[in-house]
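Quick notes on the structure that follows.
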Amino acid sequence: VIIGDGECNEGQIWEAALAGAHHSLGNLCAFLDFNRFQNDGRTGDILKTEPLAEKWVAFGWHVLQIDGHDYDNILDALEEAKSTGDKPTMIIAETIKGKGTTYSEANHYNPPTPEQFEMVMKELEDTDNSN
């Protein structure tokens, strides 16, 4: 399961969290994309939901906090999630919205102009060629 931090404003997320723990769904693993933004602004400005890790623990989940851009962290977390017994696992993946391009990291709501788009594509190409 993949959810966003903005979705944690919704009641059905917490109903599902309760159900997952109540039914001892140890094979349930969820990722929370924790980038601190949602459709119409910063998550903390719209509705404060932090501390999220503590909330998921209180709801009976095994919680891991990782760098959501680090593939090794992701794979390690998935491996650990396999061994949590009857507890579902929430992997809180800290991410940067638009990571990898100067324009995208700074502009979360506005589409780029054609010139900005070209800049974004060049940065991505340079990143791809450096690997």
- With Cα springs under 10 Å, the Gaussian network model of the chain assigns the largest mean-square fluctuation among Thr102, Thr113, Thr89 to Thr113
- Query: Ser83 label point, 7 Å along Cα→Cβ, cut-off 17 Å on backbone N: hits in segment 44-65?
  - Reply: 62-65
- Note on the structure: Per its Cα gyration tensor (rounded if a/c is under 1.5, else prolate when a/b beats b/c, else oblate), segment 23-87 is best filed as oblate
- Task: Over the chain, with every protein chain in place, what whole percent of the accessible area is carbon and sulfur at 1.4 Å, could you tell me?
- Result: 53
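May I ask you to compute the full-extension gain from Ala53 to Tyr103, defined as 0.36 nm times their residue separation minus their alpha-carbon distance, rounded to one decimal in nm?
15.0 nm
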- In segment 39-59, which residues have a backbone nitrogen under 12 Å from the label point lying 7 Å from Ala19's Cα in the Cα-to-Cβ direction? none
- Among Gly60, Gly20, Gly98, which one shows the biggest mean-square fluctuation in a GNM of the chain, springs joining Cα atoms closer than 10 Å? Gly98
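The values are calculated or read from the model by the stated rules, or taken from the named source; none is laboratory data. Small disclaimer: the values here were computed from a predicted structure and weren't measured. Positions of Cβ are generated from backbone atoms using ideal geometry, with glycine treated the same way; all protein chains shown enter the neighbour counts. Side chains are part of the model used for accessible areas, which takes the heavy atoms of the whole protein and leaves out ligands, DNA and RNA. Shrake-Rupley method; radii C 1.70, N 1.55, O 1.52, S 1.80 Å.
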